[in-house]
Amino acid sequence: MNAIQRALDNFRASYNSEPTVVARAPGRVNIIGEHTDYNDGFVLPMALPFDTVIAARPASSDQLSVASDGFGSATFTLADDPAQTTQWARYVHAVGTMLSAEGHVADPPAWQGVITTDIPPGASLSSSAALEVATALVYTSLSGVSLSPGQLARVGQRVENEIMGLPSGILDQLASAGSQAGHATLIDCRSLDLRTIAFPQGATIVVLDTGTRRELVESEYANRQATCVEAAQMLGLDALRDATTDDIDRLASLDGAEQRHVDRARHVVNEDVRTTDAVEAMESGDLERLGALMVQSHESLRDLYEVSGPALDAIVDAALESTNCIGARMTGGGFAGGAIALVADDGDDSVGVFCEDLMGRYEPPPEQPAVAPTKLYPCQPSAGAGYIST
Ligand code: GLA
């Protein structure tokens with residue numbers, strides 16, 4: 001039973017009535033354009049066929065209560081500080097706070113509901129962004145307000161930045177809110193312009209979940225973001241989006257610049273070029289070129305940006321040796337979790353052959369123990385967030 005059906009069943013069992021609103025928001029993978037979003041650069045994600053779903057109805061008091069399949073339940077009042085609300089429910093609380101802070105919903109209504117998800121948590125597939133976007137859709141529906149994907153995404157990003165303390169960009173939320181089935185989306189993270197790019201025939205993305213986990217908040221993420229801001233400031237630029245390769249060459253000689261500034265900035269500048277090149281490769285159906293760009297992206301994230309990890313490197317290497325693999329790379333924030341492979345899809349069993357070959361080859365590195373089994377998920381690009389009519 002998928003997350004939509006489970007949400008409906010759980011809601012009916014809990015409230016003995018039909019929900020007023022059912023919202024869904026998918027997880028994502030980023031095909032290329034990694035650690036470029038908070039540098040005002042380009043990203044190229046697609047939505048996954050895995051959703052977080054919320055079925056809800058208005059509450060009769062100011063108490064908002066939610067039950068999450070497998071994660072327990074929570075009750076809180078929106079007038080309180082979201083920092084007081086614990087764990088996953090803080091996202092639900094904080095989205096209400098930020099919808100109001102952004103001026104979209106003056107007084108977000110309290111509601112009662114159930115949450116289910118098919119997105120494997122911690123696998124770099126943006127389960128928290130999906131929760132934020134689905135939650136924003138519930139509040140806005142119950143308030144009679146309609147927001148654009150960019151507005152929904154910005155609310156989720158502010159939750160991460162201001163309540164969760166993670167200086168992340170807008171990639172995850174905008175991929176979840178703005179994707180279209182059968183398409184990747186080129187996002188300009190400065191203007192928030194979206195361009196849908198038909199996913200090429202003859203290939204499938206396979207998500208490679210290593211089963212290793214690392215919380216972004218505890219990771220080096222904030223440190224990478226701060227280094228990029230410093231590098232842009234040394235160059236006198238608003239963001240590394242505006243830097244050229246010549247700028248990177250002169251960065252080393254500037255006051256205060258260290259090798260890490262040069263390496264991180266070089267990754268960002270090259271990754272932006274690779275991302276627009278990948279769009280061209282997709283549009284011309286050049287799968288080999290797309291795969292090669294993904295491999296270059298992985299190498300740059302591993303060697304210059306230093307956000308890969310032993311398990312991600314090992315599964316990418318094993319994928320590249322496996323039958324029918326065109327390209328592979330880590331995806332998302334890095335360090336642990338998931339990678340992706342671009343795999344030749346003959347409409348018959350070529351993707352199955354790849355998966356079997358990879359499972360036989362991949363040796364989980366002992367220095368980075370997994371907390372969940374290795375899992376592979378062949379995925380076609382799926383629809384962005386929306387409402388389900390019951
Ligand atoms: C995480 C963040 C995104 C983005 C990626 C790296 O997923 O949430 O904003 O920075 O890492 O590309």
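Listing for the model above:
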{"quantity": "Residues whose placed amide H lies under 5 Å from that of LEU48, excluding near-sequence neighbours", "calculated": "GLY27, ARG28, VAL29, SER382"}
{"quantity": "Accessible area expressed per residue, the stretch 1-158, with surrounding protein chains retained (probe 1.4 Å, Å²)", "calculated": "34"}
{"quantity": "Dimensions (Å) - the stretch 34-182, Cα atoms, principal axes, largest first", "calculated": "44, 32, 28"}
{"quantity": "Peptides ranked, highest mean first, by Cβ atoms within 10 Å: ranges 314-320, 38-44", "calculated": "38-44, 314-320"}
{"quantity": "Net charge over other residues, Cβ less than 11 angstrom from the Cβ of THR116 (K, R count +1; D, E count -1)", "calculated": "-2"}
{"quantity": "Cut-off 9 Å between beta-carbons: net charge of the residues surrounding ARG289, Lys and Arg +1, Asp and Glu -1", "calculated": "-4"}
{"quantity": "Degrees, to the nearest 10: 259-283 long Cα axis against longest axis of the chain", "calculated": "80"}
{"quantity": "Where the stretch 170-324 is the region considered: accessible area per residue in Å², 1.4 Å probe", "calculated": "41"}
{"quantity": "Long-range HN-HN contacts of ALA110 with modeled amide H, under 5 Å", "calculated": "ALA59"}
{"quantity": "Cα gyration tensor shape for the stretch 139-188, rounded if a/c is under 1.5, else prolate or oblate", "calculated": "oblate"}
{"quantity": "Rounded percent of accessible protein surface that carbon and sulfur make up, the stretch 3-197, 1.4 Å probe", "calculated": "45"}
{"quantity": "Degrees, to the nearest 10: 3-15 long Cα axis against longest axis of the chain", "calculated": "20"}
{"quantity": "The stretch 199-379: C-alpha gyration tensor shape, a/c 1.5 cut-off, then a/b vs b/c", "calculated": "oblate"}
{"quantity": "³J(HN,Hα) computed for each position of the stretch 362-369 - Karplus, 6.51 cos²θ - 1.76 cosθ + 1.60, integer Hz, glycine/proline x", "calculated": "6, 10, x, x, x, 6, 9, x"}
{"quantity": "Environment charge at ALA83 (Cβ cut-off 15 Å; Lys +1, Arg +1, Asp -1, Glu -1)", "calculated": "-2"}
{"quantity": "Cα-based helix-to-principal-axis angle, 221-234 vs the chain, degrees rounded to 10", "calculated": "60"}
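The values are calculated or read from the model by the stated rules, or taken from the named source; none is laboratory data. What you see is a predicted model, and the numbers here were worked out from it, not measured in a lab. Every residue, glycine among them, receives a Cβ derived from its backbone with ideal geometry; neighbour counts consider all protein chains shown. These accessible areas exclude ligands, DNA and RNA; they are computed on the full protein's heavy atoms, side chains included. Shrake-Rupley method; radii C 1.70, N 1.55, O 1.52, S 1.80 Å.
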